[in-house]
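Data first, discussion second: the structure below is written as structure tokens.
The values are calculated or read from the model by the stated rules, or taken from the named source; none is laboratory data. None of these values were measured; they are calculated from a predicted model. Here the Cβ positions follow ideal geometry from the backbone for every residue, glycine too, while neighbour counts run over all protein chains shown.
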Ligand code: PCA
């Protein structure tokens, strides 16, 4: 099984992104039976979604799991829907802040994620790491990449498994005095490895 795992570059004033670090660490030790490819996406309207589509062209994966960081989350969030909406709460890394715009003007308002979310939730919680199925990935680049993946699958790759996991900040990323919930890199990697194993036949 060939899987494309993506993370994002740092954004919002941080100098690392948990999702990038997790993607690189999982790539160094992928579960048996998974041929893992990694892409790190720019946090920009212009290049983030285009980079994941380009990686799909290159890798021809059976499944894509995209990840993004969400400061303040205390569990792995397995996102159920991608929405056809760009309504950025902050500017992207190119300084562009899009409000109230669709991603695909002729696309449906939402797509269901194409991953076994309940099986992933069970696999992660069974190893003692918090995970939950959640409704959506917001209206910034994470949602945009999820919707773009699902639109691509619906229109071009009906057999493609695809979805999005929002990850908490890493303990290692906390700034002085910050008290937001975190997960360690070790636990985060274990969670994503468990998620990947649910894709195996
Ligand atoms: N998180 C952002 C975009 C990049 C990332 O890691 C989001 O939640 O949309």
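Spot the failing condition for residue 57; the list is (1) without any contact (Cβ under 8 Å) to a residue 40 or more places away in the chain; (2) within 24 Å of residue 186 (Cβ to Cβ), and only one is missed.
(2)
Criterion first (over 19 Å from residue 4 (Cβ atoms), in a helix (DSSP H, G or I), away from the ligand (no atom under 15 Å from the Cβ) and modelled with pLDDT of 95 or more) does residue 172 satisfy it?
No; evaluated as a whole, the condition is false for this residue.
Take residue 162 and decide whether it is more than 16 Å from the ligand (Cβ to nearest atom), under 13 Å from the mean Cα position of the chain (by Cα) and within 19 Å of residue 39 (Cα to Cα).
The answer is yes for residue 162.
Yes/no per residue for (1) part of a helix (DSSP H, G or I); (2) surrounded by fewer than 17 Cβ atoms within 10 Å (Cβ to Cβ); (3) modelled with pLDDT under 95:
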residue: 159; (1), (2), (3): no, yes, no
residue: 163; (1), (2), (3): no, no, no
residue: 186; (1), (2), (3): yes, yes, no
residue: 189; (1), (2), (3): yes, no, no
residue: 192; (1), (2), (3): yes, no, no
residue: 196; (1), (2), (3): yes, no, no
residue: 201; (1), (2), (3): no, yes, yes
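Taking residue 118 as meeting all but one of (1) under 15 Å from the mean Cα position of the chain (by Cα); (2) part of a helix (DSSP H, G or I), write down the number of the exception.
For residue 118, the failing item is (1).
Tell me, yes or no, whether segment 144-154 has at least one residue that is more than 14 Å from the ligand (Cβ to nearest atom), part of a strand (DSSP E or B), farther than 19 Å from residue 11 by Cβ and in contact (Cβ under 8 Å) with a residue 24 or more places away in the chain.
no
Got a sec? Which of 63, 50, 71 is farther than 25 Å from residue 109 by Cα and either buried (at least 19 other Cβ atoms within 10 Å of the Cβ) or within 16 Å of the chain's Cα centre (by Cα) (or both)?
Numbers: 63 fails: farther than 25 Å from residue 109 by Cα; 50 fails: farther than 25 Å from residue 109 by Cα.
Step by step, each of 63, 50, 71 is checked, and only 71 is farther than 25 Å from residue 109 by Cα and either buried (at least 19 other Cβ atoms within 10 Å of the Cβ) or within 16 Å of the chain's Cα centre (by Cα) (or both).
Taking segment 106-133 only, how many residues are in contact with a helix residue (DSSP H, G or I) (Cβ under 9 Å, 6 or more places away or on another chain) and closer than 17 Å to residue 152 by Cβ?
Going through segment 106-133 one residue at a time, the tally reaches 8.
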